[in-house]
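Below: one structure, written as structure tokens.
The values are calculated or read from the model by the stated rules, or taken from the named source; none is laboratory data. In this text the structure is predicted, and so the values were computed from the model without any measurement. Glycine also receives a Cβ, built like all others from the backbone with ideal geometry; neighbour counts cover every protein chain displayed.
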Amino acid sequence: MRSGVWSRNKLADEFEQKWAQLIGSKRCLSVVNGTNALNATLAQLEIGWGDEVLVTPYTFIASVSSILFNGAIPVFVDVDPETFQMDPDKIEEKITSRTKAIMPVHILGLPCDMNRVMSIANRRSLLVVEDACQAWLAEIDNQKVGTFGKAGCFSFQNSKNMPMGEGGAIVSDDEAFMDRCYSYHNYGNPYGTAAGEVGAGTVMIGTKLRLTEYQAAIGLAQLERLEEQTKTRNINAKYLKNQINDIPGISPYKLYENVTQAAFHLFPFRYNKEKFKGLSRKGFLEALRAEGVPCSTGYSELNKMPFLKNAFESKYFQKFYTKDQLNYERYTEENSCPENEKLCNEEAVWIFQNLLLGSQSDMDNIGFAIEKIQKHSEQINHKSK
Ligand SMILES: Cc1ncc(COP(=O)(O)O)c(C=O)c1O
């Protein structure tokens with residue numbers, strides 16, 4: 001703070017070097033947030049008007065809005081309810097001649113099946129942009145997520161496991177792409193032009209997405225504890241999963257076989273009310289909160305939200321797409337995702353990541369709380385009616 005150098009400078013450079021090294025990527029560019037990491041990545045890969053991008057409906061809005069923001073159309077691939085991720089078995093049937101990219105989102109900090117995604121993408125010549133905004137240090141066969149595709153995007157927003165308040169990053173091994181991203185994030189000035197420097201000549205259309213020095217300083221401090229905290233979350237998540245695995249009506253997340261580390265931004269499980277004497281998910285959550293466990297039902301159905309219709313009805317989309325391509329009724333039908341619907345509306349329960357930083361006895365207490373609700377579900381159901 002006392003240096004007075006608050007705009008992007010040496011600390012942002014240092015953060016980028018350290019993040020690239022930690023993730024195992026050649027290059028990293030820090031940006032203002034994860035949303036704009038995705039926006040810039042798609043823009044610099046020239047994914048835009050006329051293109052389709054395959055994406056999961058079980059994600060945060062920014063994954064999907066980045067596709068629309070660049071003028072492309074999101075095509076939803078239903079989820080595998082056991083892993084909460086894009087179902088690799090359902091990818092190929094969604095590929096058309098307009099498909100340009102797949103955006104696997106390692107949602108909740110659990111890795112997607114990247115071996116399957118990459119093999120499909122390579123075979124069908126598609127770009128892969130990983131939304132790793134919730135998946136810092138998650139790994140498949142000891143390789144960090146965000147490094148499998150052409151580019152990976154991260155978020156360092158306040159609620160995240162690696163928070164800076166706001167912040168984001170793009171990683172990639174493609175030097176030319178990263179040079180373009182740098183220019184784009186700094187008004188379109190040539191790669192390497194320092195913040196505040198004038199007269200370098202602007203070489204491309206750009207905007208301003210620069211991280212500040214104080215954000216980078218916070219990021220550097222967070223880096224010192226991220227690896228240890230990630231290990232703790234993994235140990236506790238595995239322990240808690242074992243504690244609740246046999247409770248009827250509770251199905252904890254499943255990791256793909258080759259996952260060597262997850263980020264556990266959330267600890268998810270599926271709830272089956274039939275095994276809880278008909279106690280609704282809402283009633284279950286109220287009871288769990290009353291036991292002192294913060295929890296949530298998570299996402300609602302993105303593929304049915306009004307923002308999609310709004311985009312289809314915008315003058316920009318109507319200028320670049322035919323009426324037939326913007327047939328919203330058909331789009332909704334073709335993009336229905338029944339597994340996602342069940343997760344969002346009936347089954348998913350999230351326990352927040354910060355709980356996984358507790359002790360083993362904290363995990364026991366969460367397990368006991370769920371067991372207790374199961375044991376008394378009839379009474380609770382009766383009372384909450
Ligand atoms: C999956 C996913 N993608 C993108 C974003 C956007 O990141 P930010 O909030 O930093 O803009 C988030 C943040 O919540 C996210 O969870």
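Numbers below:
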{"quantity": "Candidate set from region 30-65 (those that are in a strand (DSSP E or B) and away from the ligand (no atom under 14 Å from the Cβ)); member that is nearest to Met118 (Cα to Cα)", "calculated": "Leu54"}
{"quantity": "Matching residues in region 300-342 - criterion: being of a type in the set (A, V, I, L, M) and in contact with a Cys (Cβ under 9 Å, 6 or more places away or on another chain)", "calculated": "Leu302"}
{"quantity": "Exclusive hit being within 30 Å of Ser159 (Cα to Cα) and out of contact with any Leu (no Cβ under 7 Å at 6 or more places or on another chain), set Lys323, Lys319, Lys315, Lys372", "calculated": "Lys372"}
{"quantity": "Meets criteria (touching a strand residue (DSSP E or B) at 6+ places or on another chain (Cβ under 8 Å), buried (at least 20 other Cβ atoms within 10 Å of the Cβ) and within 30 Å of Asp324 (Cα to Cα)) for Val31", "calculated": "no"}
{"quantity": "Matching entry among Glu301, Glu257, Glu286, Glu313 (being more than 23 Å from Ala237 (Cβ to Cβ), loosely packed, with under 13 Cβ neighbours inside 10 Å and either outside the structural domain of Phe84 (by TED's automatic domain parsing) or touching a helix residue (DSSP H, G or I) at 6+ places or on another chain (Cβ under 8 Å) (or both))", "calculated": "Glu313"}
{"quantity": "Single residue of region 101-137 satisfying the filter (more than 22 Å from Gln222 (Cα to Cα) and polar (S, T, N, Q)) that is surrounded by the fewest Cβ atoms within 10 Å (Cβ to Cβ)", "calculated": "Ser125"}
{"quantity": "Which listed residue, of Phe69, Phe60, is in the same structural domain as Ala195 (by TED's automatic domain parsing), of a type in the set (Phe, Trp, Tyr) and under 30 Å from Tyr271 (Cα atoms)", "calculated": "Phe60"}
{"quantity": "Scan of region 17-29 for residues that are touching a residue at least 12 places away in the same chain (Cβ under 8 Å) and under 14 Å from Gly146 (Cα atoms), ordered by number", "calculated": "Trp19, Ala20, Leu22, Ile23, Gly24, Ser25, Lys26, Arg27, Cys28, Leu29"}
{"quantity": "Some residue of region 50-60 being polar (S, T, N, Q) and touching a helix residue (DSSP H, G or I) at 6+ places or on another chain (Cβ under 6 Å)", "calculated": "yes"}
{"quantity": "Close pairs from region 86-103: first free of Cβ contacts under 8 Å to residues at least 40 places away in the same chain, partner surrounded by 19 or more Cβ atoms within 10 Å (Cβ to Cβ) and among the charged types (D, E, K, R), Cβ under 7 Å, at least 6 apart", "calculated": "Pro88/Asp113; Lys90/Asp78"}
{"quantity": "Conditions (1) farther than 27 Å from Arg233 by Cα; (2) in a helix (DSSP H, G or I): number failed by Ser336", "calculated": "(2)"}
{"quantity": "Filtered residues of region 361-374 (kept if surrounded by 12 or more Cβ atoms within 10 Å (Cβ to Cβ) and not β-branched (Val, Ile, Thr))", "calculated": "Asp362, Met363, Asp364, Asn365, Gly367, Phe368, Ala369, Glu371, Lys372, Gln374"}
{"quantity": "Filter result (basic (Lys, Arg) and either free of Cβ contacts under 8 Å to residues at least 60 places away in the same chain or touching a strand residue (DSSP E or B) at 6+ places or on another chain (Cβ under 6 Å) (or both)) within region 212-241", "calculated": "Arg225, Lys231, Lys238, Lys241"}
{"quantity": "Residue check, Val105 within 14 Å of Ser63 (Cβ to Cβ) and within 12 Å of the ligand (Cβ to nearest atom)", "calculated": "yes"}
{"quantity": "Filter pass, Arg233 being among the basic types (Lys, Arg) and in contact with a Leu (Cβ under 6 Å, 6 or more places away or on another chain)", "calculated": "yes"}
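Matching residues to (1) touching a strand residue (DSSP E or B) at 6+ places or on another chain (Cβ under 7 Å); (2) farther than 25 Å from Gln229 by Cβ; (3) touching a residue at least 12 places away in the same chain (Cβ under 8 Å); (4) more than 16 Å from the ligand (Cβ to nearest atom):
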site: Gln243; (1), (2), (3), (4): no, no, yes, yes
site: Val259; (1), (2), (3), (4): yes, no, yes, yes
site: Arg281; (1), (2), (3), (4): yes, yes, yes, yes
site: Leu285; (1), (2), (3), (4): yes, yes, yes, yes
site: Ser314; (1), (2), (3), (4): no, yes, no, yes
